[in-house]
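Accompanying notes for the structure given below.
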Amino acid sequence: MSGDGIRCMQMRGGSSKGAYFLAADLPTDSGERDDLLLRVMGSPDERQVDGIGGGHPLTSKVAVVSPSSDGNADVDFLFLQVVPDRAIVTDAQTCGNLLAGVGPFAIERGLVPVAGATTDVRVRIVNPAPSLVVATVSTPDGRVSYDGDTVMAGTPFPAAPVHLEFPGDHSPVFPTGRLVDRFAGVEVTCVHAGMPVLLVRAADLGVEGVESPDVLEADDGLRARVEAIRLEAGPAMGLGDVRDTTVPKITIVSAPRHGGTVTTRTFIPHRVHTAIGVLGAVSVAAGVLAPGTVASTSGATGDPVRVEHPSGFFDVSVELDGDGPDTRLRRSSVVRTARKLSDGLVWPRSGKAT
Ligand code: NQM
């Protein structure tokens, strides 16, 4: 810590935005850390007006980065979702969008040396379960470059690419051991290829599947059905009572409209994503590729699966092993961009968050 301020870098990671900290700059006690982060971000308050959170789950995210004790990784990445309007900080999920900023942040903070025109940063995703990813960062002049031509739906301006390669841990991608379950009277595929996601056909929820996030969020009946499905599916996926957690997500699937593989609208889980999460998209892609799910698309290949979403599309490269309920993830990769927005000190409001 420095004075009363805390060292913090704000970055756009993929189509999301968050506060990046070195673990050494935060309290080691997780309760104290979470209380501090609520005050830094301005929660609990829908607008987060007294903090640096953006008043939406996609702009109220925290990355905590530290040197890794795992010989296969350079840094550890702990992701924390700070809920805007409630005093909740949850480590129940990771975030592939914030992950896109972890490599650049690790280089900027001197945790990983620049290796050449690009630098590979081996990241160990800590939560909810450890996994490895290699982030290839653009470092042309001995430092991180954020400038480039890579265009990514969900963010309006081009930037330098960050290539994310997930080796896959060969864990089963259908956590209930079935390709289709029935929850709250609706056929659902529960899939987990980095993010627990429930796939539901748009027609089974009485929607087209191309509605805007605002329209879907305003549909109280739909929201109630989605939540009823989620509450039944959570325990079946081994996630326990999911009333107060941000997983599983629910992705409404329907036929592609723009030449892609599938159309998606994703509840995360109460607001509707303006695009789609990274690992959320990888999970959707796994569900699309495996035959027999509610999202299976005949003829789809994993190179890439083009996931259409409210602001464009997201290409995911996926390879699966095995078949049926025993399908496993061999590898996946995506390209994202990230950008440093500010670097300095943040001042949390004083007192306790709750
Ligand atoms: O699925 C939002 C995001 C995410 C998560 C969410 C993400 C991922 O877009 O890997 O990136 O689903 O809560 O930031």
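The values are calculated or read from the model by the stated rules, or taken from the named source; none is laboratory data. This is a predicted model, so every value here is computed, not measured. FYI the Cβ positions are ideal-geometry reconstructions off the backbone, even for glycines, and counts take in every protein chain you see.
Per-structure values
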{"quantity": "Enumeration of residues in the range 311-354 that are more than 20 Å from the chain's Cα centre (by Cα), hydrophobic (A, V, I, L, M, F, W, C) and in a strand (DSSP E or B)", "calculated": "L320, L345, V346"}
{"quantity": "Selection status of V316, within 16 Å of the ligand (Cβ to nearest atom) and either more than 21 Å from F174 (Cβ to Cβ) or modelled with pLDDT of 95 or more (or both)", "calculated": "yes"}
{"quantity": "Matching strands (runs of 3 or more DSSP E) fully within the range 175-276 where at least 2 residues are touching a Leu at 6+ places or on another chain (Cβ under 8 Å) and touching a residue at least 40 places away in the same chain (Cβ under 8 Å)", "calculated": "186-192, 249-254, 262-267"}
{"quantity": "Selection status of R7, in a strand (DSSP E or B), within 11 Å of the ligand (Cβ to nearest atom) and of a type in the set (D, E, K, R)", "calculated": "no"}
{"quantity": "A275 vs. criteria over 29 Å from S43 (Cα atoms) and either away from the ligand (no atom under 16 Å from the Cβ) or at pLDDT 95 or above (or both)", "calculated": "no"}
{"quantity": "Any chance A87 is modelled with pLDDT of 95 or more, surrounded by fewer than 18 Cβ atoms within 10 Å (Cβ to Cβ) and not assigned by TED's automatic domain parsing to the domain that holds P269", "calculated": "yes"}
{"quantity": "Count - residues of the range 123-139 that are more than 17 Å from the chain's Cα centre (by Cα) and buried (at least 19 other Cβ atoms within 10 Å of the Cβ)", "calculated": "3"}
{"quantity": "Tally of residues being near the ligand (Cβ under 10 Å from one of its atoms) and touching a strand residue (DSSP E or B) at 6+ places or on another chain (Cβ under 7 Å) across the range 249-272", "calculated": "6"}
{"quantity": "Count - residues of the range 12-29 that are crowded, with 21+ Cβ neighbours inside 10 Å, over 12 Å from G344 (Cα atoms) and either within 16 Å of the ligand (Cβ to nearest atom) or polar (S, T, N, Q) (or both)", "calculated": "7"}
{"quantity": "Single residue of T246, T293 found to be farther than 26 Å from A203 by Cβ and either modelled with pLDDT of 95 or more or of a type outside the set (A, V, I, L, M) (or both)", "calculated": "T246"}
{"quantity": "Subset tally (residues that are within 11 Å of the ligand (Cβ to nearest atom), surrounded by fewer than 24 Cβ atoms within 10 Å (Cβ to Cβ) and in a helix (DSSP H, G or I)) for the range 90-108", "calculated": "0"}
{"quantity": "Any chance V307 is within 14 Å of the ligand (Cβ to nearest atom), in contact (Cβ under 8 Å) with a residue 40 or more places away in the chain and not polar (S, T, N, Q)", "calculated": "yes"}
{"quantity": "Failed criterion for V133 (all others in (1) in a loop (DSSP other than H, G, I, E, B); (2) in contact (Cβ under 8 Å) with a residue 12 or more places away in the chain hold)", "calculated": "(1)"}
{"quantity": "Hits in the range 44-57 (condition: in contact with an Asp or Glu (Cβ under 7 Å, 6 or more places away or on another chain) and either within 16 Å of the ligand (Cβ to nearest atom) or not assigned by TED's automatic domain parsing to the domain that holds A159 (or both))", "calculated": "G55"}
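Results for (1) in contact with a Cys (Cβ under 8 Å, 6 or more places away or on another chain); (2) part of a strand (DSSP E or B), shown as yes or no for each residue.
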site	(1), (2)
A19	yes, yes
A24	no, no
P27	no, no
L36	no, no
D50	no, no
G55	no, no
N72	no, no
F77	no, yes
Q81	yes, yes
